[in-house]
1. So between TYR16 and ASP228, what do we pick up on full extension, going 0.36 nm a residue minus the alpha carbon distance?
2. At a 10 Å Cβ-Cβ cut-off, how would you order HIS175, HIS64, fewest neighbours first?
3. Modelling each spin label as a point 7 Å along the Cα-to-Cβ direction, I'd like the ILE242/ASN185 distance in nm, to one decimal.
4. Which entries of LYS42/LYS70; LYS42/LYS80; LYS183/LYS218; LYS138/LYS259; LYS153/LYS183; LYS153/LYS178 show an alpha-carbon separation above 28 angstrom in the structure shown?
5. Under the Karplus relation 6.51 cos²θ - 1.76 cosθ + 1.60, θ = phi - 60°, what is the ordered set of whole-Hz ³J(HN,Hα) values for the stretch 96-101, x standing for Gly and Pro?
6. How compact and how long is the stretch 147-261, expressed as Rg and Dmax of its alpha-carbon atoms in Å?
7. Please arrange THR227, THR88, THR198 by how many other C-beta atoms lie within 10 Å of their C-beta, fewest to most.
8. Where does each of GLU19, GLU209, GLU24 land when they are ranked from fewest to most other beta-carbon atoms within 10 angstrom?
Amino acid sequence: MKKTIITKLTKNFEDYSFEEEGIEFWFARDLQKLLGYVEWRKFAGVIEKAKISCQNSSFDILDHFVGAAKTIAMPNGASKEIEDIILTRYACYLIAQNGDSRKEEIAFAQSYFALQTRKQELIEERITLKERFEAREKLTKSETELSKLIYEKGVDDSGFARIRSKGDWALFGGHNTKQMKLKLNIPTNRPMADFLPTVTIAAKNLATEMTNLNVQNKNLQGEPQITDEHITNNKDVRGVLIKNDIIPENLAPEEDIKKLERKVKIGEKELASNSKREK
């Protein structure tokens with residue numbers, strides 16, 4: 001298709017979209033015209049096929065196809081209420097996939113809604129990554145600070161590893177770092193935090209920040225004192241989690257943060273490539 005046609009169709013689809021509470025949607029009667037269907041009867045048949053596809057994909061039809069009514073003007077000042085349907089972006093995609101691919105509008109819509117759906121997925125993945133990545137960076141900084149502080153207090157690298165493991169033991173209900181890695185099937189040569197959910201990373205960071213502060217304020221010296229402090233702080237943080245029905249050792253591990261970061265970058269490159277081809 002020529003660039004001018006694609007530009008026109010893109011504008012049409014975007015002009016007819018609505019948004020409420022952050023959810024983008026279209027009306028079926030508008031989509032009927034955008035996809036080049038003259039008769040509602042034929043278009044309604046395509047919608048029914050799309051609903052079956054939605055159900056076969058284990059999605060709730062009512063989450064994507066919501067019945068609505070529209071009032072249209074009739075001759076002599078009269079009006080008439082007609083059937084309409086509110087459609088999510090995913091519903092529009094399924095309708096396009098079940099439409100007559102010989103229609104230029106359908107061919108465009110298949111690519112358009114697939115691309116828009118992928119964009120939304122990437123946005124959600126980036127938000128998730130950003131939250132985890134920021135929490136992970138904070139933990140790295142607080143643990144680095146703790147390592148420097150306790151070195152000045154006569155604790156070497158081996159001692160730091162023992163202190164951190166004892167902190168994990170307190171936070172994870174009696175499971176030290178090695179045991180948690182085994183429980184969550186995390187490679188022994190990788191930091192556990194790279195696989196933890198954001199809430200657990202944040203909990204570890206809070207306990208570490210508390211230890212950093214108290215090591216200085218209480219002028220704690222040596223591994224035993226600092227270990228006791230770190231255990232106490234992790235137990236306190238665990239108590240807050242338990243009070244909110246969050247059992248840290250029972251939370252499922254997340255996707256490797258490094259792998260997730262690579263996946264998002266690859267997806268963005270593919271999206272950019274597809275967008276160029278569409279033009």
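Every read-out reported here was derived from the displayed coordinates using simple, explicitly stated rules and does not represent laboratory data. Keep in mind that this is a model prediction, so the values were computed, not measured. Using ideal geometry, Cβ is built from the backbone for each residue, glycine included, and neighbour counts are taken over all protein chains shown.
1. On the way: separation 212, 0.36 × 212 = 76.32 nm, distance 6.26 nm.
So the chain would gain 70.1 nm between TYR16 and ASP228.
2. The order, fewest Cβ neighbours first, is HIS175, HIS64.
3. 2.8
4. From LYS42/LYS70; LYS42/LYS80; LYS183/LYS218; LYS138/LYS259; LYS153/LYS183; LYS153/LYS178, over 28 Å: LYS183/LYS218; LYS153/LYS183.
5. Working through the residues one at a time gives 4, 5, 9, x, 6, 5 Hz.
6. 14.1, 41
7. Details: THR227 22, THR88 19, THR198 16.
By the 10 Å Cβ count, ascending, the order reads THR198, THR88, THR227.
8. Working: GLU19 8, GLU209 18, GLU24 15.
With the fewest neighbours first, GLU19, GLU209, GLU24 line up as GLU19, GLU24, GLU209.
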